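The values are calculated or read from the model by the stated rules, or taken from the named source; none is laboratory data. Worth saying up front: this structure is predicted, and the values here are computed from it rather than measured. Every residue, glycine as well, gets a Cβ built from its backbone with ideal geometry; the counts of neighbours run over all protein chains shown.
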Amino acid sequence: MLQTPVNLTLKDYKSDVKPTWCPGCGDFGVLNATYRGLAGLKMSPEQTVVVSGIGCSSRFPHFMKTFGFHSVHGRALPVAQGLKMARPDLAVVAVGGDGDFFSIGAGHLVHAALRNIDITVVVMDNETYGLTKGQTSPTSPHGHVTKSTPYGLLASQFNPIATALTLNVSFVARGYSAKPKELATLIEKGMLHRGFSFIHALSPCPTFYNTFDAWDASVTPLPADHDPQDRIKALTLAMDTERQYMGIFYEEERPTMDQAAQQLAQQGKEFDIDKYMSRYA
Ligand code: SF4
């Protein structure tokens, strides 16, 4: 995936646009970790594209000095996948929040996982809809009281890591925005992974649902003896409701859809849309 290594500093990945997030927003930590991860990989900004949907965290591409695409709600993954299929030489990172990936764009997550296209997904999860002032999101806990759920959330809480594992995602990890160095390492490893990499980044919203204290207490590294090829054990750890494990839950190398498409093209098996459509002429 690395094309032309460049020696740059963190500031070389920062755009001139100042982040508009609230002071203390967890997304600052994820942004910092992304700068670090790209610098650590010596990625060329010209060969990197950051794609987002809609939400506070989806402002992300504006703050990067890479190529970027701020798309529409829940659609970061279709854009990112199409981009990678058309331009396999580029490193493609899709970013967004829990609403974008687990509600509005949840269907896209399922099929992107099954395709195993070589892109990296960073989900900034704050367990709320920050942009629209604090309604519940799929990852809000059962019973969560907000202005739109005055008697507490009646639905169950979505489990991002367990879902990614059962969708057969080939790289599954969790980090925390308050630990940007560790998160940067996960972003590096996710980008180096050949296939669909899913990084669940806990990223609190201090304005509408401040989970910093709770997560400071519950995040813990994965057990030292965890084998990232053991998906069943990874699933057991993902189902732990007391602790939020950080690190690489699961990693597996297997063929990617972009690789397979390139191989078909080399064999002259490109899809001929004109020939197909001529049947209906
Ligand atoms: Fe961050 Fe919450 Fe402010 Fe949005 S509303 S910028 S998620 S702190």
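Restricting to the range 122-153, what's the tally of residues that are within 15 Å of the ligand (Cβ to nearest atom) and either under 30 Å from T185 (Cβ atoms) or surrounded by 23 or more Cβ atoms within 10 Å (Cβ to Cβ) (or both)?
Summing the residues that are within 15 Å of the ligand (Cβ to nearest atom) and either under 30 Å from T185 (Cβ atoms) or surrounded by 23 or more Cβ atoms within 10 Å (Cβ to Cβ) (or both) in the range 122-153 gives 14.
(1) surrounded by 18 or more Cβ atoms within 10 Å (Cβ to Cβ); (2) away from the ligand (no atom under 16 Å from the Cβ); (3) small (G, A, S): which one isn't true of S15, the others all being true?
(1)
Could you list all residues from the range 118-138 that are touching a Gly at 6+ places or on another chain (Cβ under 8 Å) and in a loop (DSSP other than H, G, I, E, B)?
Passing the criteria: D118, N126, T128, G130, L131, S137, P138.
Restricted to the range 194-208, and to residues that are over 17 Å from E182 (Cα atoms) and within 16 Å of the ligand (Cβ to nearest atom), which residue is surrounded by the most Cβ atoms within 10 Å (Cβ to Cβ)?
Among those residues, the one meeting the criterion is C205.
Condition check ((1) aromatic (F, W, Y); (2) in a helix (DSSP H, G or I); (3) within 30 Å of P221 (Cα to Cα)) across all residues:
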site: D240; (1), (2), (3): no, no, yes
site: M246; (1), (2), (3): no, no, yes
site: F249; (1), (2), (3): yes, no, yes
site: E253; (1), (2), (3): no, no, yes
site: D258; (1), (2), (3): no, yes, no
site: Q263; (1), (2), (3): no, yes, no
site: G268; (1), (2), (3): no, no, no
site: M277; (1), (2), (3): no, yes, no
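Given the condition away from the ligand (no atom under 16 Å from the Cβ), at pLDDT below 95 and within 18 Å of A112 (Cβ to Cβ), answer yes or no: does some residue in the range 77-85 qualify?
yes
Among (1) part of a loop (DSSP other than H, G, I, E, B); (2) more than 16 Å from the ligand (Cβ to nearest atom), which single condition is C25 missing?
Evaluating C25 over (1) part of a loop (DSSP other than H, G, I, E, B); (2) more than 16 Å from the ligand (Cβ to nearest atom) leaves (2) as the failure.
What number goes with the only condition from (1) assigned to a loop (DSSP other than H, G, I, E, B); (2) among the small types (G, A, S); (3) more than 19 Å from G97 (Cα to Cα) that A178 does not pass?
(3)
For V93, are the conditions met, namely being modelled with pLDDT of 95 or more and surrounded by fewer than 19 Cβ atoms within 10 Å (Cβ to Cβ)?
So V93 fails the test.
If you check P61, P78, which single one turns out to be surrounded by fewer than 20 Cβ atoms within 10 Å (Cβ to Cβ), on the phi < 0 side of the Ramachandran plot and not polar (S, T, N, Q)?
Step by step, each of P61, P78 is checked, and only P78 is surrounded by fewer than 20 Cβ atoms within 10 Å (Cβ to Cβ), on the phi < 0 side of the Ramachandran plot and not polar (S, T, N, Q).
Could you please let me know if T211 is surrounded by fewer than 24 Cβ atoms within 10 Å (Cβ to Cβ), within 16 Å of the ligand (Cβ to nearest atom) and either within 30 Å of D258 (Cα to Cα) or of a type outside the set (G, A, S) (or both)?
yes
Mind checking which residues of the range 44-64 are under 18 Å from the mean Cα position of the chain (by Cα) and more than 16 Å from the ligand (Cβ to nearest atom)?
T48, V49, V50, V51, M64
Condition test on D216, is it away from the ligand (no atom under 16 Å from the Cβ), of a type in the set (D, E) and either assigned to a loop (DSSP other than H, G, I, E, B) or under 18 Å from the mean Cα position of the chain (by Cα) (or both)?
Judged against the criteria, D216 is not a match.
Being over 14 Å from the mean Cα position of the chain (by Cα) and either in a helix (DSSP H, G or I) or among the basic types (K, R) (or both) is the filter here; which residues of the range 28-43 pass it?
F28, G29, N32, Y35, R36, L38, A39, G40, L41, K42
Would you tally the residues in the range 67-111 being farther than 23 Å from S203 by Cα and touching a helix residue (DSSP H, G or I) at 6+ places or on another chain (Cβ under 9 Å)?
So the count comes out to 10.
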